[in-house]
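One structure is given below, encoded as structure tokens.
What follows draws every value from the coordinates through simple rules; no lab data is involved. Source: prediction; values computed, not measured. Backbone-built Cβ (ideal geometry, glycine too); neighbour counts: all protein chains shown.
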Amino acid sequence: MPAVARRVLALGPAGRRQSLRQMNRCMAAVLTVVAALVSASAAIAEPPGEQVLNIGHRGASGEAPEHTLPAYDLAIRQGADYIEQDLQLTSDGVLVVLHDETLDRTARGPAANCTGRVDTKTLAQLKTCDVGSWFNAAFPERARPEYVGLRIPSLEEVFQRYGKRINYYIETKSPETADRMEERLLALLDRYGLRKPAAVRRQVLIQSFSPASLQKIHALDRSLPLIQLNQITDSAQLRAQLDGIASYAVGIGPFLSNVDAALVAAAHDRCLEVHPYTVNDAATMTRLLDLGVDGMFTNFPALLDQVLAKRAGPPKSRAAKSARAWDRCRRT
Ligand code: G3P
Ligand code: CA
């Protein structure tokens, strides 16, 4: 007879009952911890790991109206590691999620509210605009009745909907004219408990074409991970800027045609990640993966997910490094 069984028998009936109760309590505690761990892993977004990041550009904007909650929901369902938000500021100081500085391309509704510059409208005015119908008209093959009447989300509404369950890739748009856009963004990160997860596990990446905007954020909080977007068409010109960029950013977001092996190597030499935009076909995704990029923006996260899944070798062993690996890289 095993020693444990002999010890249990030696306890007598009362001792055995007490022992059983202790074991039950112990099992219940273990199950509680396991349940909590399972629930946490399901509820909290995975931090960027040893993988090429799948960034849902304006959500899954190839299949649903850009920067709407259905486009974000779809990107998440399709396997995006991050969903992107472009920020605009209303005349009453609210950060909203919209790509263009003007409403005309994607908003429909009363002309006084839904045409012209976003920064001349209040949030209440913007909330009268429909930002789904244009998509149905432009892409009838992907049109859905439920897209009619979709509203422009505020950034706060996005945080309220997804909390810490997902990763955000937020762009300061027109920061030169948007009053204290950076401070407003950081205040919202604080309000929703996202600043520390941004710093520790890159739950939020902040991107901009404006070096001044990123440098301002870096001055406000050096721990926040920043991505410098770039429109320069020449890899050599961009490479010449990398030393400066590395002083405040953790990566670059080049236009996809600017990416070549020399740019990726030069960026990685400086511990900068490379996240090209906007990559919507499998051939270009493959070309960029072969060059060793660390992530990419796409309107079709499901397609990128498929391309990544099909690649040979361990799925996360390509040129990408985890946030921790990049931190180590930057320390050495
Ligand atoms: O942020 C990456 C990419 O979105 C930059 O271009 O014009 O789509 O914001 P844009
Ligand atoms: Ca963008």
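The table below lists the values:
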{"read-out": "Test: residue in the stretch 123-131 that is out of contact with any helix residue (DSSP H, G or I) (no Cβ under 9 Å at 6 or more places or on another chain), closer than 25 Å to SER174 by Cα, outside any strand (DSSP E or B) and more than 16 Å from ligand 1 (Cβ to nearest atom)", "value": "yes"}
{"read-out": "Residues satisfying the stated conditions in the stretch 105-140, i.e. small (Gly, Ala, Ser) and in contact with a Pro (Cβ under 8 Å, 6 or more places away or on another chain)", "value": "GLY132"}
{"read-out": "Failed criterion for GLY132 (all others in (1) buried (at least 19 other Cβ atoms within 10 Å of the Cβ); (2) closer than 18 Å to VAL94 by Cβ hold)", "value": "(2)"}
{"read-out": "Among (1) closer than 26 Å to GLY59 by Cα; (2) away from ligand 2 (no atom under 16 Å from the Cβ); (3) not acidic (Asp, Glu) - the single one CYS271 does not satisfy", "value": "(1)"}
{"read-out": "Selection within the stretch 275-302 - away from ligand 2 (no atom under 16 Å from the Cβ) and not small (Gly, Ala, Ser)", "value": "ASP281, THR284, MET285, THR286, ARG287, LEU288, LEU289, ASP290, LEU291, VAL293, ASP294"}
{"read-out": "Which listed residue is aromatic (Phe, Trp, Tyr) and within 16 Å of ligand 2 (Cβ to nearest atom), from TYR82, TYR162, TYR147", "value": "TYR82"}
{"read-out": "All positions within the stretch 68-122 that are surrounded by fewer than 20 Cβ atoms within 10 Å (Cβ to Cβ), assigned to a helix (DSSP H, G or I) and without any contact (Cβ under 8 Å) to a residue 24 or more places away in the chain", "value": "ASP73, ARG77, ALA111, ALA112, ASN113"}
{"read-out": "Helices (runs of 4 or more DSSP H) completely within the stretch 161-225 that count 1 or more residues being in contact (Cβ under 8 Å) with a residue 12 or more places away in the chain and within 16 Å of ligand 1 (Cβ to nearest atom)", "value": "181-191, 211-220"}
{"read-out": "Output for the stretch 243-286, where each listed residue is part of a strand (DSSP E or B) and not aliphatic (A, V, I, L, M)", "value": "GLY251, GLY253, PRO254, PHE255, GLU273, TYR277"}
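Matching residues to (1) among the aromatic types (Phe, Trp, Tyr); (2) within 15 Å of VAL52 (Cα to Cα); (3) surrounded by 22 or more Cβ atoms within 10 Å (Cβ to Cβ); (4) in contact (Cβ under 8 Å) with a residue 40 or more places away in the chain:
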site: LEU229; (1), (2), (3), (4): no, no, no, yes
site: ILE232; (1), (2), (3), (4): no, no, no, no
site: ALA236; (1), (2), (3), (4): no, no, no, no
site: VAL259; (1), (2), (3), (4): no, no, yes, no
site: LEU263; (1), (2), (3), (4): no, no, yes, no
site: ASP269; (1), (2), (3), (4): no, no, no, no
